[in-house]
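Engineer: My questions all concern the structure below.
The values are calculated or read from the model by the stated rules, or taken from the named source; none is laboratory data. Quantities reported herein were computed from a predicted structural model and do not represent experimental measurements. No Cβ is skipped: glycine too gets one built from the backbone with ideal geometry, and neighbour counts run over all protein chains shown.
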Amino acid sequence: MYIIVGLGNPSKQYEGTRHNAGFMTLDVLADRYNIDISEKKHKALCGKGVIEGNKVVLLKPQTFMNLSGESVRAAADFIRWRRRRSS
């Protein structure tokens, strides 16, 4: 499973700006591969799906860019934990 992270800032003032290029890129991927990015988890908006045969999680951290590592770490740890439990 892959985590694809789109960096951006969650407030309205950044919508459509270069500061949210990562969010906009994930929106394009989500539209193309019919992935709903609306689940609130890991301090982010998440969506699970399949891209070119690979399971993916699309992640839009909602912590502002400077703290996005908190969200990415939480998601990565959760996925690792699930993978260990299913082995």
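Engineer: Can you tell me how many residues within the range 38-79 are under 17 Å from G22 (Cβ atoms) and among the aromatic types (F, W, Y)?
Structural biologist: 1
Engineer: Hey, could you check the range 41-52 for residues that are touching a strand residue (DSSP E or B) at 6+ places or on another chain (Cβ under 9 Å) and part of a loop (DSSP other than H, G, I, E, B) and say which is nearest to A75 (Cα to Cα)?
Structural biologist: Per the criteria, the residue is H42.
Engineer: Of all residues being in a loop (DSSP other than H, G, I, E, B) and without any contact (Cβ under 8 Å) to a residue 12 or more places away in the chain in the range 53-87, which is farthest from the chain's Cα centre (by Cα)? Just the residue, please. Let's see the steps before the verdict.
Structural biologist: Quick first cut of the range 53-87, residues in a loop (DSSP other than H, G, I, E, B) only: 53, 62-64, 87.
From the residues that got through so far, the ones that are without any contact (Cβ under 8 Å) to a residue 12 or more places away in the chain too are 53, 87.
Numbers: G53: 18, S87: 25 Å.
Residue satisfying both the conditions and the ranking: S87.
Engineer: Given (1) in contact with a Phe, Trp or Tyr (Cβ under 6 Å, 6 or more places away or on another chain); (2) free of Cβ contacts under 8 Å to residues at least 40 places away in the same chain; (3) in a loop (DSSP other than H, G, I, E, B), where does I37 come up short, assuming only one miss?
Structural biologist: (1)
Engineer: Just to check your reading of the model, which residue among K43, K48 is within 12 Å of the chain's Cα centre (by Cα), buried (at least 17 other Cβ atoms within 10 Å of the Cβ), of a type in the set (D, E, K, R) and more than 11 Å from L7 (Cβ to Cβ)?
Structural biologist: On the way: K48 fails: buried (at least 17 other Cβ atoms within 10 Å of the Cβ).
Residue meeting the stated conditions: K43.
Engineer: Is it the case that D27 is modelled with pLDDT of 95 or more and assigned to a helix (DSSP H, G or I)?
Structural biologist: Values: modelled with pLDDT of 95 or more: yes; assigned to a helix (DSSP H, G or I): yes.
For D27, the condition - modelled with pLDDT of 95 or more and assigned to a helix (DSSP H, G or I) - is met.
Engineer: Hey, any hits in the range 29-40 for a residue that's crowded, with 18+ Cβ neighbours inside 10 Å, under 21 Å from I79 (Cα atoms), β-branched (V, I, T) and out of contact with any Ser or Thr (no Cβ under 9 Å at 6 or more places or on another chain)?
Structural biologist: Yes.
Engineer: Here's a follow-up. Going by the conditions given, is H19 in contact (Cβ under 8 Å) with a residue 24 or more places away in the chain, touching a helix residue (DSSP H, G or I) at 6+ places or on another chain (Cβ under 8 Å), surrounded by 15 or more Cβ atoms within 10 Å (Cβ to Cβ) and at negative phi? Walk me through it before giving the result.
Structural biologist: Working: in contact (Cβ under 8 Å) with a residue 24 or more places away in the chain: yes; touching a helix residue (DSSP H, G or I) at 6+ places or on another chain (Cβ under 8 Å): yes; surrounded by 15 or more Cβ atoms within 10 Å (Cβ to Cβ): yes; at negative phi: yes.
Here the answer is yes, as H19 does meet what is asked.
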